[in-house]
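Peer 1: I have a structure I would like to understand better, so I am pasting it below and will then ask my questions one at a time.
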């Protein structure tokens, strides 16, 4: 418990600066041009806009590529899903044939495959007990 408290002390908030309120009120009360640094702050503001142009252009390009790749992702996902579904149906057919081949065997095979799908996609009990929720 002492280690936890020691780690948390690094992240506890501190009180605001004593003169913060006065500085904020003074800054809000005086117009931009009346302040001695008024013109410099306007120049600094335009300079900061220039500094942001390159990151904004990169973000726009990234969004453009993301939007353009959406169609490709959908096609790949459709092809992958079709292959997985065909393999799943093949497994169900083989399992149903080994269980007798009738309608009851097919229903049982579908339930077995569904349970196996759920089991393989859920985290194992051992990983939860060890505090590592990792999918198998």
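The values are calculated or read from the model by the stated rules, or taken from the named source; none is laboratory data. Please read these numbers as outputs of a predicted model, since none were measured by experiment. Please note: Cβ atoms are built from the backbone with ideal geometry, for glycine as well, and neighbour counts cover all protein chains shown.
Peer 1: Any chance region 72-82 includes a residue that's touching a helix residue (DSSP H, G or I) at 6+ places or on another chain (Cβ under 6 Å) and assigned to a helix (DSSP H, G or I)?
Peer 2: Among the residues of region 72-82, not one is touching a helix residue (DSSP H, G or I) at 6+ places or on another chain (Cβ under 6 Å) and assigned to a helix (DSSP H, G or I), which makes the answer no.
Peer 1: Here is a further query. Please go through (1) in a helix (DSSP H, G or I); (2) exposed (fewer than 11 other Cβ atoms within 10 Å of the Cβ); (3) at pLDDT below 80 for residue 13 and return the number of the only condition it doesn't satisfy.
Peer 2: The failed condition is (1).
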